[in-house]
Amino acid sequence: MQAVMGQVALMMDGRSDVGAAGASRADRAMDRYASGEDAAFAEVYDELAPRLHRFALRWTRSRSAAEDAVQQTLLQIHAARHRFVRGGAVVPWAYAIARRLLIDLGRRGVREVLRADDVRDPEEPSAAPSPEEALHHRRVAAEARRNLASLPSGWREAFELVKFEGLSVAETAEVLGITRGMVKIRAHRATAALREEAARRLHGSLESATRPAPRSPRDISEGGTPT
Amino acid sequence: MMPPESLKMRVLEAVRQHPMPRRTNTLPFTIGLAAFAAVAMSGVLLWVPSLFGEVAGPAHAAGRPAVSGAWILSGTMALALAATWLVLPSRRSMLSPPRGLLLAVAIGVPLLVGAWLVLWHGTYADPFTRTGWRCFALTALTAPWPFATLAYASRRLEPRHPGTTGAALGSVAGAWAAVMVELWCPLAAGSHVLLGHVLPLLLLALAGSAFGLRLFRLRRV
């Protein structure tokens, strides 16, 4: 979840560290597959699966559910092989299919259960931190997750697709089935809301740092942030 | 985090076990389907009115001034063409246009068809008066053919909003049906237009939505 905070910080600079590389290779591979080159599907998998897996894992927080979503998405693409238009864009299509599958998964009540699973963020560093760092990271992560989750779903989806998945505004518009202008508005509003929340939190922690120290352990337990 | 290698093995094995056909050029079949739809619609127009004991074909609209008829037909056809262009996926996309646009077409087309007809009401006297059930039935019988063509021409897989896509296609099919029905019907009175020309298009949008949910939604494979 550190990645979430990292992304927010990067967004404030107007940048994202997620590249859109692979999109055109995926399109070309899918085009070859649709034209009859069976071996090209492995390439389609290599281009799409990591991105879809990351997307699904962020959505479900469950490895098995994410793998199921990726598998279903790729099989749907395979099933529509003969309908794939020449020169078509496979990435927005794949994300749109994956998103629908994940929404259906959520509607069946699976998502809430899966959210509770303790699965690390896909971009979180694997090196074991010290206990203090781990606690701090967990608090920050929980806060960032809450902030992101508290956004309206439309804003959050546009934000995640543009900033985390590295899709272009046009691709995001296709995935969500809305106009490009609406994607820009939603992503901007999500950014502004997250920035505001981060600023409020920073302001709050500065205020608490300037307060006089508590006199007894009882004060600490009363004033401490519940974990 | 990368997906496990076992997932790749599973997916590739499933793909190998259930091969799908390669892409073929669907344009000739789409054109053929459109031609068949045009013939079927003409057949409905030439045959169904006789079931009501009416004159079949464009001769039934003889009481309407030719110029008004030409304007009404060309306006409705332009609307049907524009709506078709709007609802079909763009050349490089596997997905339908934005939901807002589809909704605008689904709701807007019936209203625009009605408004366009009523606009001509003051320009000539209706040769007779009628409630509009015949036009309702004719529209309902001519619309399925263009709907089938449009459903085929769209990519037939819409993971985001299959119902809205179906509703828009239903409305557009209704617009093409309206072109045919206006070849036959010379009336432009408000109450007749509402019942015989606008209501069926609205119902076609609803029916299209139901069909869309069944035809275009994602199925687990």
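Each value in this text was obtained by applying a stated rule to the coordinates, not by laboratory testing. These numbers were taken from a predicted model, which means no experiment stands behind them. Cβ: placed from backbone, ideal geometry, glycine included. Neighbour counts: every protein chain shown.
Could you check the simple spin-label distance between B:Leu12 and B:Ala125, using points 7 Å along Cα→Cβ, in nm with one decimal?
8.1
Tell me the label-point distance for the pair B:Val221, A:Arg107, using the 7 Å Cα-to-Cβ offset, in nm and rounded to one decimal.
So the two model labels end up 2.0 nm from each other.
Kindly state, to the nearest 0.05, the FRET efficiency for A:Arg32 paired with B:Val39, given R0 = 41 Å and r defined as their beta-carbon distance. It would help to have the intermediate numbers written out before the result.
Numbers: r = 38 Å, r/R0 = 0.93.
Using R0 = 41 Å, I get an efficiency of 0.60.
For segment B:35-105, state the average projected area of the convex hull of the C-alpha atoms over all orientations, rounded to one decimal in nm².
On the way: hull surface 28.0 nm².
Averaging across all directions leaves 7.0 nm² for the Cα convex hull.
Using 0.36 nm per residue, how much length does the chain from A:Glu196 to A:Ala170 gain when fully extended, once their Cα-Cα distance is taken away?
Working: separation 26, 0.36 × 26 = 9.36 nm, distance 2.66 nm.
Working it through step by step, the gained length comes to 6.7 nm.
Please give the direction-averaged projected area of the C-alpha convex hull for segment B:27-215, in square nanometres with one decimal. Mind showing how you got there, number by number?
On the way: hull surface 40.0 nm².
Mean shadow area of the hull around the Cα atoms is 10.0 nm².
Hey, fewest Cβ within 10 Å first, where do B:Lys8, A:Lys184 land in order?
Working: B:Lys8 18, A:Lys184 15.
Fewest-to-most ranking of B:Lys8, A:Lys184: A:Lys184, B:Lys8.
Packing-wise, with mean Cβ within 10 Å as the measure, how do B:111-121, A:147-157 rank, highest first? Show your work: numbers first, answer last.
Details: B:111-121: 18.3, A:147-157: 16.4.
Peptide ranking by packing, descending: B:111-121, A:147-157.
With unit charges on the beta carbon (Lys/Arg positive, Asp/Glu negative), name the residue among B:Gly114, B:Leu195, B:Val11 whose Cα is farthest towards the positive pole of the charge dipole of chain B.
Of the candidates, B:Val11 comes out farthest on the positive side.
About the Cα centre, and with charges only on the beta carbon of Lys, Arg (+1) and Asp, Glu (-1), how big is the dipole of segment B:34-148? Nearest 20 debye, please. Mind dumping the intermediate values first?
Numbers: 6 positive and 2 negative charges, 68 e Å.
The calculated dipole for segment B:34-148 is roughly 320 debye.
If you take all C-alpha pairs in segment A:131-208, what percent of them are over 21 Å apart?
For segment A:131-208, the share of Cα pairs beyond 21 Å comes to 37 percent.
Find which of B:Val181, B:Ala78, B:Leu46 sits farthest along the positive direction of the dipole of segment B:27-215, computed with +1 on the beta-carbon of Lys and Arg, -1 on that of Asp and Glu, about the Cα centre.
Toward the positive end, the furthest listed residue is B:Ala78.
May I ask for log10 I(q)/I(0) of segment B:2-122 at q = 0.09, 0.12 Å⁻¹, from a Debye sum over the Cα atoms as equal point scatterers with solvent left out?
-0.50, -0.75
Give the order of A:Tyr33, B:Tyr124 when sorted by the count of other beta carbons within 10 angstrom, beginning with the fewest.
Numbers: A:Tyr33 25, B:Tyr124 15.
With the fewest neighbours first, A:Tyr33, B:Tyr124 line up as B:Tyr124, A:Tyr33.
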